[in-house]
Amino acid sequence: MYRWLIVAPVSLLLGWLFTLWGVPASWILAGILAAGSSAIINGRQLPVNKILYTFGAGIVGIMAAVPLLNESPATLSRFLLPGVVVAAFTISVGIGGGLLLSRIQPSISRETGILSMLAGGAAFMPAIAKEMGGDLRFVALTQYLRLLAVAVSLPIVTGLLPHDVAEPGGQAPSGDQPWWIVVLIALMALFGGLLATRLRLPVPSVLGPLLLTIGLVALLPSEVDMTPPEPFRILAFLAIGWLCGGTLSLGSLKLFARQLPVTVTFIIVLIVGCALVAFPVAAWVDIAYYEAYLATSPGAIDTVLAISSEGQTSPAVVAIQLIRLILILLVASALPRLLRPFQRD
């Protein structure tokens, strides 16, 4: 408890500063740094309350569902096949990179290697790694490094590309809800995972609230905004950061440092590969390369949505990113079954 009296306010201060400075994934990074420093200095892990973690993972699942609700089924269906192709490329590179990493470093399991290399859904991967028994510390550090590289490079690269694009798509949600919607969001985050567990869904803490949100919105009036309030989102990202940082140790940092050359090489290959895939996608969907580059960007979806909103891009950017995000989440959730043919003797 005494450690949390220091970690919690330090996390809030760091998160506020990082947000002010425009640091990607500011609240997750703040949680990792604050809890990680405590764990390393004290030489003991800093466990996160189970209810808090469940709530945070549930809010992340709801946040993943909300953007899907802002696009019509017709729009999503038009970009379904291109989104599947982009997702297949990203997933193939991620699985190949993860298997290669686990072969180079036997101490890294195949699940850990693949979850650390899958691009997209960085906020989900530590939660999935925890439920699968993977090394969530290594997954979180690798995912954040990729997220940082993509988020920093996006404004630079897109700033050099021509911005002759189409009219903007759906509007972002306002986040202004009545009290009963806020209560409903909190209840879905807390209990959606229990429902998913009873249905034997993979990664229930994330998939449960995600699917529950999509189902409930179909029953609610169209003007209802299910976007989690900002305090909920901050708490969710901090919980994920605390979960990752609280288990850090000098040994885990040394392991991550040894894999930096391979990890950085993979990130560069992935960014370049997605940039090349954007050329046929632009021709296929009939959009500008600027939009295709945003649509195929390997992660940093918040940065992508911010840039696409400012640049008034077509719905293709959001649709392809979201289709890939959902497919990556499904693949990550099914990893134990997918890896059975590759199990070591």
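Any chance you could get the radius of gyration and Dmax over the Cα atoms of the chain, in Å?
Both quantities, over Cα of the chain: 19.4, 58 Å.
Could you give me the ³J(HN,Hα) list for the stretch 48-63, computed from phi with Karplus coefficients 6.51, -1.76, 1.60 and θ = phi - 60°, whole Hz, x at Gly and Pro?
9, 3, 4, 5, 5, 5, 4, 4, x, 5, x, 5, 4, x, 5, 4
Work out, in µm²/s and without decimals, the Stokes-Einstein translational diffusion coefficient of the stretch 64-146 at 37 °C, 0.692 mPa s, Rh from Kirkwood over C-alpha pairs.
For these conditions, the coefficient is 237 µm²/s.
Quote the relative contact order of the stretch 179-277 in percent (integer), defining contacts as alpha-carbon pairs under 8 Å separated by 6+ residues.
Working: 39 pairs, mean separation 17.8, N = 99.
Dividing the mean separation by the residue count of the stretch 179-277 yields 18 percent.
Which residue, Gly215, Gly58, Gly245, has the largest displacement toward the positive end of the dipole of the chain when charges sit on each Cβ (Lys, Arg +1; Asp, Glu -1)?
Positive-end residue among those listed: Gly245.
Per q in 0.14, 0.18, 0.19, 0.24 Å⁻¹, report the Debye log10 I(q)/I(0) for the stretch 1-106, using one uniform scatterer on each alpha carbon and no solvent.
-0.92, -1.07, -1.08, -1.16
Considering only Tyr144, Thr197, Phe18, whose Cα is most displaced toward the positive end of the charge dipole of the chain, charges sitting on Cβ of Lys, Arg (+1) and Asp, Glu (-1)?
Checking the options against the dipole of the chain, the answer is Thr197.
Do the sum for the chain: with -39,500 (n - 2.57) for every DSSP H run of n ≥ 4, divided by all residues, what is the mean residue ellipticity at 222 nm, to the nearest 500 deg cm²/dmol?
-24000 deg cm²/dmol
Remind me, relative contact order of the chain in percent, using alpha carbon pairs under 8 angstrom and six or more residues apart?
Value for the chain: 32 percent.
Near the amide H of Asp225, under 5 Å away, which other amide H atoms are found, from residues 5 or more places off or on another chain, if H is placed in the peptide plane?
So Asp225 has HN proximity to no qualifying residue.
Laboratory data are not the source of any read-out in this text; all were calculated from the coordinates shown. On a predicted model such as this, the values are computed, not experimentally measured, just so you know. Reconstructed Cβ throughout: ideal geometry from the backbone, glycine too, with neighbour counts over all protein chains shown.
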